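Take a look at the structure below.
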Amino acid sequence: MGKTALVIDDDLSVLRNFKRLLIEVGYEVWGAKTGKEALSEVNQRSFDVMLIDFKLPDMDGTDLIEKMGDKANGAVKLMITGFPTIEASIRALDLGIDSFVEKPVKSEDLLALINQKLKEKQESSQ
């Protein structure tokens, strides 16, 4: 079975671009525009990678991670934001986010970070 990803972003162009990028490198990809949609997806399946926008219309990304609880533990979780703050970064890292990414992000940089974090997670679980 191939790798799976969930892209969570209320900006449809960002959502579409991230989904396309991951599909091009072999991921099976789901998308969500709200925290509520993301929670529904996480309750239906597990994911290898989650790209989570910090500012969603119904909650922020850190609240979403809290609500996902154990269901998100196995995934590499990247918090993506156009408005980074130290407080948000610290809270996200405390909740188990693997990395904080500032928009805009280059495709090759995002893929390199995803691959690095997947490798780290795999090595730590052995």
Original post:
Condition test on LEU21, is it assigned to a strand (DSSP E or B) and at pLDDT 95 or above?
Top reply: no
Original post:
Hey, ILE86 hits all of (1) at pLDDT below 90; (2) of a type in the set (A, V, I, L, M); (3) in contact with a strand residue (DSSP E or B) (Cβ under 6 Å, 6 or more places away or on another chain) but one; which does it fall short on?
Top reply: (3)
Subject >> Selection within the stretch 1-50 - touching a residue at least 12 places away in the same chain (Cβ under 8 Å), within 24 Å of LYS119 (Cα to Cα), surrounded by fewer than 16 Cβ atoms within 10 Å (Cβ to Cβ) and among the aliphatic types (A, V, I, L, M) >> reply: VAL25
Original post:
Do we find that GLY82 is touching a Gly at 6+ places or on another chain (Cβ under 9 Å) and touching a residue at least 12 places away in the same chain (Cβ under 8 Å) in this structure?
Top reply: no
Subject >> Output for the stretch 97-117, where each listed residue is within 9 Å of VAL76 (Cα to Cα) and out of contact with any Asp or Glu (no Cβ under 7 Å at 6 or more places or on another chain) >> reply: ILE97, ASP98, SER99, ILE114
**OP:** Could you please give the count of residues in the stretch 47-61 that are modelled with pLDDT under 95 and more than 11 Å from the chain's Cα centre (by Cα)?
**Re:** 2
Original post:
Within the stretch 88-111, is even one residue surrounded by fewer than 12 Cβ atoms within 10 Å (Cβ to Cβ), without any contact (Cβ under 8 Å) to a residue 12 or more places away in the chain and of a type in the set (Ser, Thr, Tyr)?
Top reply: no
Subject >> Residue check for ASN43: closer than 19 Å to THR4 by Cα and over 15 Å from the mean Cα position of the chain (by Cα) >> reply: yes
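For (1) of a type outside the set (Gly, Ala, Ser); (2) under 14 Å from LEU22 (Cβ atoms); (3) touching a Gly at 6+ places or on another chain (Cβ under 7 Å), each residue gets a yes or a no:
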residue	(1), (2), (3)
ASP53	yes, no, yes
LEU56	yes, no, yes
GLU66	yes, no, no
ILE90	yes, no, no
SER99	no, no, no
GLN122	yes, no, no
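The values are calculated or read from the model by the stated rules, or taken from the named source; none is laboratory data. Small disclaimer: the values here were computed from a predicted structure and weren't measured. Counting neighbours? That spans all protein chains shown, and the Cβs are built from the backbone with ideal geometry, glycine included.
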